[in-house]
1. Inspect all residues belonging to the stretch 304-311 and state whether any of them is over 14 Å from residue 176 (Cβ atoms), assigned by TED's automatic domain parsing to the domain that holds residue 224 and crowded, with 18+ Cβ neighbours inside 10 Å.
2. In the stretch 207-217, is there at least one residue being part of a helix (DSSP H, G or I) and crowded, with 20+ Cβ neighbours inside 10 Å?
3. Having 1 or more residues that are in contact with a strand residue (DSSP E or B) (Cβ under 6 Å, 6 or more places away or on another chain) and at pLDDT 90 or above is the bar; report the helices (runs of 4 or more DSSP H) wholly within the stretch 21-139 that clear it.
4. Out of everything in the stretch 218-249 that is part of a helix (DSSP H, G or I) and in contact with a strand residue (DSSP E or B) (Cβ under 9 Å, 6 or more places away or on another chain), what residue ends up being farthest from residue 185 (Cα to Cα)?
5. I'm told residue 207 meets every condition in (1) touching a helix residue (DSSP H, G or I) at 6+ places or on another chain (Cβ under 8 Å); (2) within 26 Å of residue 74 (Cα to Cα) except one. Can you identify the failing condition by its number?
6. Looking only at the stretch 110-123, filter to residues that are surrounded by 18 or more Cβ atoms within 10 Å (Cβ to Cβ) and in contact with a helix residue (DSSP H, G or I) (Cβ under 7 Å, 6 or more places away or on another chain); which one of those is farthest from residue 147 (Cα to Cα)?
7. Does the stretch 287-306 contain any residue that is closer than 28 Å to residue 239 by Cα, outside any helix (DSSP H, G or I) and either touching a residue at least 40 places away in the same chain (Cβ under 8 Å) or under 23 Å from the mean Cα position of the chain (by Cα) (or both)?
8. Among the residues of the stretch 257-278, is there at least one that is surrounded by fewer than 19 Cβ atoms within 10 Å (Cβ to Cβ), touching a strand residue (DSSP E or B) at 6+ places or on another chain (Cβ under 8 Å) and part of a loop (DSSP other than H, G, I, E, B)?
């Protein structure tokens, strides 16, 4: 912003408006020159770079700055989706010169009003575009940030982070016990359900990440979201399921918690660095394979389990169950889930759509209330 400074003038100056205008013009030009000197010049080759080429450079930047693989994948996909949408709408590929706030807001409105995407999906893509545009400015490909004033979508609706009910949990566990690899799959479902860890965190576990005791246990997440480290207690249900799964691999005398605890690999042994959950070929069970296994269990369970259930639903189930038993302990739950913001954790304290539906149905003013 430019500020004008006036000095007391003589009567001759006041009677000479042309002279005043000349002085004001000189002040303006001097101030504008000073302002332009503070603007970072663009790179000389910025016109030669396509958004897709710059997207690849940005992806490398995110990797170098230790962002998680999941975040990098989601952010790059969000920008690619925006570039595809722009080309479809305008019939020409996006150029840096046409990367404007109007284009970004138009894309956000398309997601919200035409494609009816969820608030979380919209805000994820807007956040990705914000980060990308900020990088373009920082790297001097753009003079100004077109996404600086593009706002996220606010939401006041009921929480959609619904978990499973007890009968649905039991149905899913029963289905795991009759699946292709029953002991392993049952252990995976129990670990996800009893700890609330993310699917990617579960697939990366090794024996050294588990402290397995007869009376207690601890699970170490070495690289959670945001590359954060945290520890999550392992309750008896999770330890029982793990004991049954790993007992043959550890050559334990039996599948009990006591015998498995006695044979659990020491931190310095080679077996300590083996993947906790293996594929049928003997390698580490990947995140995608683990997610597909959960999807297959849900499909096989039929109407006993909501067909929209995913591995993340088990995380929601853990969070809801924790707050039901320990209401108000948002900080404790945030620690267990690895949330950096308590606002994210507070979403679990909001009533779900089904809970609100039940409450409205039971209102005394409802003549048909049951």
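The values are calculated or read from the model by the stated rules, or taken from the named source; none is laboratory data. Predicted model, so just to flag it, every value in this text is computed and none were measured. Neighbour counts are summed over all protein chains in view; Cβ atoms, including those assigned to glycine, are modelled from backbone coordinates with ideal geometry.
1. No, the stretch 304-311 has no match at all.
2. yes
3. Hits in the stretch 21-139: none.
4. Among them, the one singled out is 236.
5. (2)
6. The initial filter retains those residues of the stretch 110-123 that are surrounded by 18 or more Cβ atoms within 10 Å (Cβ to Cβ), namely 111, 122-123.
Subsequent filtering for residues that are in contact with a helix residue (DSSP H, G or I) (Cβ under 7 Å, 6 or more places away or on another chain) retains 111, 122.
Numbers: 111: 16, 122: 14 Å.
It comes out as 111.
7. Scanning the stretch 287-306, I find at least one residue that is closer than 28 Å to residue 239 by Cα, outside any helix (DSSP H, G or I) and either touching a residue at least 40 places away in the same chain (Cβ under 8 Å) or under 23 Å from the mean Cα position of the chain (by Cα) (or both), so the answer is yes.
8. yes
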